[in-house]
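The values are calculated or read from the model by the stated rules, or taken from the named source; none is laboratory data. Please read all numbers here as calculations on a predicted model, not as lab measurements. When we count neighbours, we look across all protein chains shown, and the Cβ atoms used for this are built from the backbone with ideal geometry, even at glycine.
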Amino acid sequence: MQTDFLVIGSGIAGLTFAIKTAKHFPDKKVTVITKTQSDETNTKYAQGGIAGVWDENKDSFEKHINDTLIAGDGLCDNAIVEIVVKEGPERIKELINYGASFDKQENGEYALGKEGGHSEFRILHHKDVTGKEMERALLHEIATLSNVEIVSHCFVVDLITQHHLGYLVTKSTHNITCFGVYVLNLNSNQIEKILSHTTLLATGGCGQAYRTTTNPKIATGDGVAMVYRAKGRIENMEFIQFHPTALYEPGVSPSFLITEAVRGDGGILRNKDGEAFMEKYDARKDLAPRDIVARAIDNEMKKAGTECVYLDCRHFDKEKFIHHFPNIYGKCLSIGIDVMQHLIPVAPAAHYSCGGIQTNEYAQTSITNLYACGECASTGLHGANRLASNSLLEAMVFAHRAFENIKEQNKNTPNPSIEGEVPDWNALGTSDPREMILITQSLKELQSIMSDYVGIVRTDVRLERAMKRLDLLFTETEELYRTTKVSPQLCELRNLITVGYLIVKGAEFRKESRGLHYNTDHLEKSKLLQDIVL
Ligand code: FAD
Ligand code: SIN
């Protein structure tokens with residue numbers, strides 16, 4: 001198959017890019033690939049909302065920039081922060097024009113929310129199901145465009161580069177070029193190749209590397225792992241954000257999120273003795289940036305030997321709570337927690353990858369003709385810790401910038417000279433998997449290694465141990481990959497092991513504690529500000 005624009009991922013990043021490109025090039029074909037149903041994305045589960053300076057009388061770009069820089073703990077790229085904050089509101093308006101609806105007050109103005117690290121109310125939301133509403137609006141808009149095809153249940157296995165044409169490609173090869181991808185079509189169970197002059201990776205996060213995560217099953221870091229295998233640049237993977245307040249529900253995966261907006265509206269964290277402990281840790285109390293709140297909770301749990309702390313919403317007005325947080329209210333009630341009477345048990349869970357595929361201000365990766373945006377990309381916006389609700393914004397801003405770049409360069413013609421040269425997938429020597437347990441058990445091991453040794457608090461010894469164990473998993477899984485027919489489960493395991501390796505390697509290189517990376521053997525911040533590029 002050949003297409004003009006190939007998009008991997010149907011979350012906010014991929015769909016935004018696809019809509020813009022399809023509208024601008026009505027005679028060109030845009031193909032969006034997604035590994036399960038088209039709406040099964042991290043985007044769909046976003047709760048709190050999308051940050052943006054909406055009311056310039058009360059808020060300002062400077063304040064949003066400053067909040068982002070403070071959360072990022074010295075490692076944000078200032079120019080990128082300015083781009084995202086200043087271009088963000090335009091992108092949000094486009095989303096509204098596609099039909100996304102955000103909550104309003106009685107006077108008709110938008111009801112703006114507040115979350116940790118924000119100095120002003122600036123978060124647009126749709127109840128506590130903002131992502132679902134955005135995904136709906138984007139898919140609805142896509143459906144009006146006849147030159148976009150969404151191919152669901154199609155798993156991208158690898159990027160096609162010169163390597164597949166028989167050339168030696170190493171990290172120092174100049175001009176590594178992407179010609180398209182190999183995909184496992186889950187309908188036919190065949191590996192096919194899709195060629196395209198322009199490919200955009202919008203494959204989302206990697207929360208599934210951890211035992212407890214808010215991320216759905218699809219979040220397995222496939223894009224990051226594919227780029228690493230293709231010898232592209234990955235950076236800052238050590239900065240994994242743990243959301244402070246996932247509902248504590250043992251055995252349930254992924255964890256249900258209790259949005260930070262609940263604390264924005266006045267929710268109070270309490271330990272098992274009922275103490276409102278956040279005031280001991282930070283003057284901003286429950287609304288301190290996420291890294292601080294998650295570490296404080298981790299500390300309280302370790303001190304008390306408990307597996308959760310509690311979020312107190314008993315003082316809320318019932319009508320108002322249900323109006324803003326109907327999904328949370330319903331979920332809690334379904335497991336016997338009436339938030340007006342009971343405390344909500346919560347614990348931190350892996351939530352967001354701040355690092356990823358290194359990109360520039362136009363979402364270009366280190367690989368020619370390959371763009372990346374959304375959670376899989378590392379743009380420089382988040383630095384060492386993402387400010388809440390900046391992620392959906394970033395995805396839209398860089399999807400737009402990738403589109404602008406393509407428009408300007410008019411890179412819209414497929415590369416026919418390559419077509420005959422790219423070999424078909426070689427499955428020689430592989431057979432059907434005999435025991436799926438080899439894959440499922442290794443996945444559990446990986447998640448345990450990452451949660452036990454590479455979580456909120458790290459030490460040199462824990463990182464060393466994690467690396468040794470990952471090494472064994474890597475060897476066993478590569479052997480399986482060489483001898484077994486490719487399946488999504490096997491590819492995801494392989495990708496998560498690569499992601500785990502990149503997180504640990506980044507953490508080992510970073511000899512300091514900064515933002516989300518906290519190592520008790522290196523508590524000081526280094527004077528040298530640097531990105532860890534792998
Ligand atoms: P996603 O929306 O995750 O989409 C990834 C796409 O890539 C999917 O379509 C998937 O099928 C596809 N894909 C991946 N690998 C492959 C492959 N190998 N082959 C084919 N397809 C593939 N951020 C905010 O700013 N505000 C919030 O309120 C907020 N709340 C959140 C709440 C939760 C519970 C979670 C989990 C995240 C939240 N975030 C929030 C973060 C935000 O939702 C994500 O960072 C963002 O939605 C990522 O969008 P994306 O387009 O990059 O990827
Ligand atoms: C939340 O609603 O608390 C999540 C917001 C985010 O991850 O940005």
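A few points about this structure:
- Top-ranked residue of the stretch 11-58 - restricted to ones that are away from ligand 2 (no atom under 16 Å from the Cβ), among the polar types (S, T, N, Q) and in a loop (DSSP other than H, G, I, E, B), ranked as nearest to GLU375 (Cα to Cα): THR34
- Of the criteria (1) modelled with pLDDT of 95 or more; (2) not in a helix (DSSP H, G or I), which one LEU472 fails: (2)
- Residues of the stretch 347-372 satisfying the condition of being under 10 Å from the mean Cα position of the chain (by Cα) and either within 15 Å of ligand 2 (Cβ to nearest atom) or part of a loop (DSSP other than H, G, I, E, B) (or both): HIS351, TYR352, SER353, CYS354, GLY355
- Scan of the stretch 366-383 for residues that are within 14 Å of ligand 1 (Cβ to nearest atom), farther than 18 Å from THR68 by Cα and in contact with a Cys (Cβ under 9 Å, 6 or more places away or on another chain), ordered by number: CYS376
- A single entry from THR198, THR203 fulfils the requirement of being of a type in the set (Ser, Thr, Tyr), part of a strand (DSSP E or B) and buried (at least 23 other Cβ atoms within 10 Å of the Cβ): THR198.
- Selected residue (criterion: surrounded by the most Cβ atoms within 10 Å (Cβ to Cβ)) from residues of the stretch 235-289 that are of a type in the set (Phe, Trp, Tyr) and either more than 16 Å from ligand 2 (Cβ to nearest atom) or not in a loop (DSSP other than H, G, I, E, B) (or both): PHE242
- Scan of the stretch 412-443 for residues that are loosely packed, with under 11 Cβ neighbours inside 10 Å, in a helix (DSSP H, G or I) and modelled with pLDDT of 85 or more, ordered by number: ILE437
- Test result for TYR228, away from ligand 2 (no atom under 14 Å from the Cβ), out of contact with any Gly (no Cβ under 8 Å at 6 or more places or on another chain) and either assigned to a strand (DSSP E or B) or free of Cβ contacts under 8 Å to residues at least 40 places away in the same chain (or both): no
- Residues (charged (D, E, K, R), closer than 19 Å to LEU387 by Cβ and in a helix (DSSP H, G or I)) located in the stretch 91-129: ARG91
- Selection over the stretch 44-55 of residues that are farther than 16 Å from MET134 by Cβ and either in contact with a helix residue (DSSP H, G or I) (Cβ under 6 Å, 6 or more places away or on another chain) or crowded, with 24+ Cβ neighbours inside 10 Å (or both) gives a count of 1.
- Hits in the stretch 384-403 (condition: assigned to a helix (DSSP H, G or I), touching a Ser or Thr at 6+ places or on another chain (Cβ under 8 Å) and within 14 Å of ligand 1 (Cβ to nearest atom)): LEU392, GLU394, ALA395, MET396, PHE398, ALA399, HIS400
To keep it simple, each residue is scored yes or no on (1) under 30 Å from ARG284 (Cβ atoms); (2) surrounded by 19 or more Cβ atoms within 10 Å (Cβ to Cβ); (3) under 17 Å from the mean Cα position of the chain (by Cα).
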{"site": "PHE17", "(1), (2), (3)": "no, yes, yes"}
{"site": "LYS29", "(1), (2), (3)": "no, no, no"}
{"site": "GLN37", "(1), (2), (3)": "no, no, no"}
{"site": "ASN42", "(1), (2), (3)": "yes, yes, yes"}
{"site": "ASN57", "(1), (2), (3)": "yes, no, no"}
{"site": "PHE61", "(1), (2), (3)": "yes, no, no"}
{"site": "GLY74", "(1), (2), (3)": "yes, no, no"}
{"site": "SER101", "(1), (2), (3)": "no, no, no"}
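- Given (1) more than 28 Å from TRP54 (Cβ to Cβ); (2) within 16 Å of ligand 2 (Cβ to nearest atom); (3) polar (S, T, N, Q), index of the condition ASN385 fails: (1)
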